[in-house]
1. Give the relative contact order (percent, whole number) for the chain; include only Cα pairs under 8 Å separated by 6+ residues.
2. Determine, from the Cβ-Cβ distance of residue 76 and residue 180 and an R0 of 51 Å, the FRET efficiency 1/(1 + (r/R0)^6), rounded to the nearest 0.05.
3. Which percent of Cα pairs goes in each bin when the distances of region 171-269 are cut into 10 angstrom slices starting at zero?
4. With just the Cα atoms defining each centre, how far is region 124-190 from region 1-53? Give it in Å.
5. Estimate the FRET efficiency between residue 19 and residue 265 by the formula 1/(1 + (r/R0)^6), using the beta-carbon distance for r and 41 Å for R0, to the nearest 0.05.
6. Mind checking the full-extension length gain between residue 127 and residue 84? Use 0.36 nm per residue of separation minus the Cα-Cα distance, one decimal, nm.
7. Which trypsin sites (Lys or Arg not before Pro) does region 98-196 hold that lie in a coil by DSSP with at most 15 other beta carbons within 10 Å?
8. For region 1-130, with only Lys/Arg (+1) and Asp/Glu (-1) charged at the beta-carbon, what is the dipole magnitude about the Cα centre, in debye rounded to 20?
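Rule-based calculations on the coordinates, nothing more; no lab input. The structure presented is a predicted model; accordingly, all values stated were derived computationally and were not measured. Every residue, glycine among them, receives a Cβ derived from its backbone with ideal geometry; neighbour counts consider all protein chains shown.
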Amino acid sequence: MSAQVWRPPKLITNPWIRYGLLFLVGVYFVCSLTPGLVPLVSLNIDWTRAGQGLPRAADMFSRMFPPDFSRWELLYKGIRESVQMALAASVFGMLLSIPLGLIAARNLVPPPVYLVGRALLAISRTFHEVIIAIFFVKIFGFGPLAGVLTLVVASMSFIGKMLAEDIENMPPGQLEAIKATGASFPKMLLYAVQPQMLPRYLGVSIYRLDANIRHSTVVGIVGAGGIGQVLAASFSRYDYDFSLAILLTIVALVFVGEFFSNWVREKLR
């Protein structure tokens, strides 16, 4: 008797339904890429115009080489500004995320406070960093202040969300034991929540610092300071060789941030 080979069960066991859904997905994909075939689902892509963009792309890439590092003072200023924005936003985001995460944890606060905390998290995480950056640029003008505030909002919401989820998922035994002693709310946070959440909180914060270094290069494109603003200006002036130098510097900066965050997380384990 031949040995039977175990296979995991299908998500959709009925083959007619499974392959029918795959067929519908394929039809939708074709309709969305074919202009005028089904107007409601078509993306109206002008393939002729897209084809005309290929020679322009080849010309742009040919003009990028060799990269121009002669304006290294401007490059250094943009990179320094991006790093300063990321560090400042990470520090303030870490501090603001603590009260936000605490009031968004169901097992720590009354339901009305919990709903307010969850609403704040939902609202702050609704919009992308670029949209928030545009909003702050309109209020405070071009410059790093708008970028710092954008990254503070993003860091606060991200770390606060992770902190609230971890507090709700922590084992309840230690929390209940501290409550049974009649300890006040600050002492409960100090002796029950803090020992379990601190390593995770620091790890997530270091990860957010790494993400802020990357995002600081993006928000600058809409005028929120940093190296991204220098990159946008170089593209608008058709200085593609300098643009490539900026892009290579951003790649190097992200690699340094990645190695630094990995090193810190190793130390925290």
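1. Numbers: 301 pairs, mean separation 64.2, N = 269.
After rounding, I find 24 percent.
2. Values: r = 58 Å, r/R0 = 1.14.
So the FRET efficiency works out to roughly 0.30.
3. Calculated P(r), rounded to whole percents: 15, 28, 20, 17, 13, 7, 2.
4. Cα centres, region 124-190 to region 1-53: 39 Å.
5. Working: r = 44 Å, r/R0 = 1.07.
In this case the efficiency is close to 0.40.
6. Details: separation 43, 0.36 × 43 = 15.48 nm, distance 2.32 nm.
Using 0.36 nm per residue and subtracting the Cα-Cα distance, I get 13.2 nm.
7. Details: sites: 106, 118, 125, 138, 161, 179, 187; in loops: 106, 125.
Passing sites in region 98-196 are 106, 125.
8. Working: 12 positive and 6 negative charges, 89 e Å.
My answer is approximately 420 debye.
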